[in-house]
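> For reference, the structure I am asking about is given below.
The values are calculated or read from the model by the stated rules, or taken from the named source; none is laboratory data. As the structure is a computational prediction, the values presented were derived from the model and not from experiment. Positions of Cβ are generated from backbone atoms using ideal geometry, with glycine treated the same way; all protein chains shown enter the neighbour counts. Only protein heavy atoms, including side chains, enter the accessible area calculation; ligands, DNA and RNA are left aside. Shrake-Rupley method; radii C 1.70, N 1.55, O 1.52, S 1.80 Å.
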Amino acid sequence: GAFGWMFAGLLLTAGVAFLVNASPGLQQAVIGFWFILVLGQLGMAIGIGALLPRMSATLGLGLFFVFAATMGLTVGVITAAYRVDSVAAAFFSAAAMFGGAAIYGATTKRELAGLGGFLFMGVIGLIAASVVNLLLGSGPIGFLISIVGVVLFTVLTAYDVQRIMRGDYAAAMGSLEKGAVLAALGLYINFINIFLFLLRLFGSRD
């Protein structure tokens, strides 16, 4: 269920991104409220996770798709700056890395739960470093952030898949349906970040 909703969310994001890519006017409109959009997406992702226990699974799923649609706006603007072959290469590379991490998380006998605290701190540190580099505009620091981002969200994928296999999400939410929605959100965010960081590392700008 988690993987099914995640793929549906990715398809929605890709569809919206395609529309944005095809419309320079829409790109300019999105750029006009870029920071509000990004902050809203961050707040929505946090809000879904925090409020899902007190809402229905259907409402949570609907909010997830709204989140995925808005992500299509930002992804569309970002990918418009790169050559099509670079976007395709980054996508397939991200799919391979995500798939490998997911298989590892589902099959490994190694306990990954102990990584949770370190991964959470890593995400917070990555966000803080990205904000600082947004002000500094340093290319080398941005390159390093992208490498760390790829590694961090790949490991997060394995960690999340192991939690799904153990039923941790379902137990935390109190139902399989809500657990699937929350897990789908986490997997979706992991994939999108791996893709965007790879695109930043190896993409050729149009």
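> Please quote Rg/Rh for the chain to two decimal places, taking the Kirkwood radius as Rh and restricting both calculations to Cα atoms.
0.96
> Tell me the Rg and the Dmax, in Å, that the Cα atoms of the range 57-119 produce.
16.4, 42
> If you don't mind, there's one more thing I want to ask. So what is the accessible area of the range 45-152 per residue, in Å², with the probe set to 1.4 Å?
Result: 53 Å² of accessible area for each residue.
> Could you give the semi-axes, largest first, of the ellipsoid that matches the range 1-103, computed as the square roots of 5 times the alpha carbon gyration tensor eigenvalues and rounded to whole Å?
In descending order the semi-axes read 24, 20, 11 Å.
> Taking the Kirkwood radius as the inverse of the mean 1/r across Cα pairs, report the Rg/Rh of the range 113-153.
Taking Rg over the Kirkwood Rh, I get 1.04.
> Sorting check: for 192-200, 122-130, which peptide has the highest mean count of neighbouring beta carbons within 10 Å, and how do the rest follow?
Output ranking for 192-200, 122-130: 192-200, 122-130.
> Give the long-range amide H neighbours of TYR82: residues separated by 5 or more places, or on another chain, with amide H under 5 Å away, using H modelled in the peptide plane at 1.01 Å from N.
ASP206
> Right, next: What are the principal axis extents of the Cα atoms in the range 94-206, in Å, biggest first?
That works out to 44, 26, 26 Å along the principal axes.
> Enumerate the residues in the range 29-68 having an amide nitrogen under 18 Å from the point lying 7 Å beyond the Cα of PHE7 toward its Cβ.
Label zone hits: 65.
> Probe radius 1.4 Å, ligands and nucleic acids ignored: give me the carbon and sulfur share of the accessible area of the chain as a rounded percent.
Answer for the chain: carbon and sulfur cover 75 percent of the accessible area.
> Let me ask something additional. Return the single residue from LEU39, LEU63, LEU19 with maximal mean-square fluctuation; model: Gaussian network over the chain, springs between Cα atoms under 10 Å.
LEU39
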